[in-house]
Amino acid sequence: MPINPESVGTTGGPSSRSWTSKDALLYAVGVGAGTSELQFTTENTKDVAQRVLPTFAVIIGGGGIPMQAVGSFNPALMVHGEQGIELLDEIPPDGEIESTGRIAAIWDKGSAAVLEFESESVNKATGKPLLRTRSVLFCRGEGGWGGERGPSERITFPDAEPTHQATYATREDQALTYRLSGDRNPLHSDPSFAALGGFDKPILHGLCTYGFTGRALLHELCGGDPARFRAMNARFSKPVMPGDVLTVSMWADGGEALFRTANQAGDVVIDQGRCRYEA
């Protein structure tokens, strides 16, 4: 069946997800963390306890979404539009969560449908909420039923130099590492499949770019302390190629910041970013 706007508000779950120390380490390397971030990339360094990057929430969270209630759409014409995370506690190096999700909104953009999902996860060891995620999918060719278009406000960035800025280079094989955290879409690894999508070579996962951006926010705004990281939400605006150099620009004000990420050509690849943290 086509997209079902009446499914808004439908809930799903609970679903369980567990992870190990190794999963957290692999994710950290997949989003570019290295020898200067041993608290995230090793578990047995002297006097260094393993900790977890906040954006690992996109790997373990998001469960319990009742996708079957949405209806059908062509996955080849779907792109990830936005992603948000909220940390209610620090993610432990290993653990298990139970997640419930809901269809938060479905918007009719005319030539496309926009699907918005929310999920909340509880740490099964403590019984306390651990994290929330928000994801937005843009499904081309699925709009036109006469529904509401949804909000269209945009962030106006300050006409001033960023208060913080960080630049990270991605590796040519970055996607091959990141895909081991779960997203095995051949668009990110198979040159022939990428060519079908109109790309000269496989592109980097959007959530990998999101992870690089989250690392910059963590180190620049939180002093590298995940316990101070509260939330981030941003829009994917342009594909990133493995090997690109990413610069994250931040405009911080107290415990909030606006941010965006650009490649070496100055093209914005992650836009409309908002972050909350403990100042």
### Query
Cross-link partners among aspartates and glutamates for residue 128, C-alpha distance below 15 Å, same-chain residues fewer than 8 apart left out?
86, 89, 90, 96, 98, 120
### Total charge dipole magnitude, the chain, about the Cα centre, Cβ charges on Lys, Arg, Asp, Glu only, Debye to nearest 20
300 debye
### Task
Measure off, as a whole percent, the carbon and sulfur share of the 1.4 Å-probe accessible area of region 171-279, all protein chains present.
49 percent
### Query
If the cut-off is a Cα-Cα distance under 18 Å, which lysines reach residue 22, setting aside same-chain residues fewer than 8 apart in sequence?
46
### Query
What percentage of the solvent-accessible surface of region 1-120, computed with a 1.4 Å probe over protein heavy atoms, is contributed by carbon and sulfur atoms?
51 percent
### Task
Return the single residue from 195, 113, 28 with maximal mean-square fluctuation; model: Gaussian network over the chain, springs between Cα atoms under 10 Å.
195
### Message
Whole angstrom only: what separates the Cα centroid of region 44-92 from the Cα centroid of region 179-227?
### Response
13 Å
### Query
At a Förster distance of 41 Å, what's the computed FRET efficiency of residue 15 paired with residue 159, Cβ-Cβ distance as r, to 0.05?
0.35
### Query
What FRET efficiency comes out for the pair residue 38/residue 88, r = Cβ-Cβ distance, R0 = 35 Å, nearest 0.05?
0.85
### Task
May I ask you to evaluate 6.51 cos²θ - 1.76 cosθ + 1.60, the Karplus curve with θ = phi - 60°, for each residue of region 95-111 and list the ³J(HN,Hα) values in order in whole Hz, giving x for glycine and proline?
x, 8, 10, 10, 10, 10, x, 8, 7, 7, 6, 9, 10, 9, 8, x, 8
### For the chain, the longest site-free run once chymotrypsin sites (Phe, Trp or Tyr not before Pro) in DSSP loop states with at most 16 other Cβ atoms within 10 Å are removed
1-144
### Query
Picking from 178, 114, 87, whose Cα lies most toward the positive end of the charge dipole for region 36-188 (charges on Cβ: Lys, Arg +1; Asp, Glu -1)?
114
### Those GluC sites (Glu not before Pro) in region 92-151 that DSSP places in a loop and that have at most 16 other beta carbons within 10 Å
148
### Message
So with the 1.4 Å probe, I'd like the accessible area per residue for the chain, rounded to whole Å².
### Response
47 Å²
### Message
Please enumerate, by chain and number, the lysines with C-alpha under 26 Å from the C-alpha of residue 201, excluding those fewer than 8 residues away in the same chain.
### Response
238
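The values are calculated or read from the model by the stated rules, or taken from the named source; none is laboratory data. All of these numbers come straight from a predicted model, not from anything done at the bench. Cβ sites come from the backbone with ideal geometry, for glycine too, and all protein chains shown count toward neighbours. Heavy atoms of the whole protein, side chains included, go into the accessibility calculation; ligands, DNA and RNA do not. Shrake-Rupley method; radii C 1.70, N 1.55, O 1.52, S 1.80 Å.
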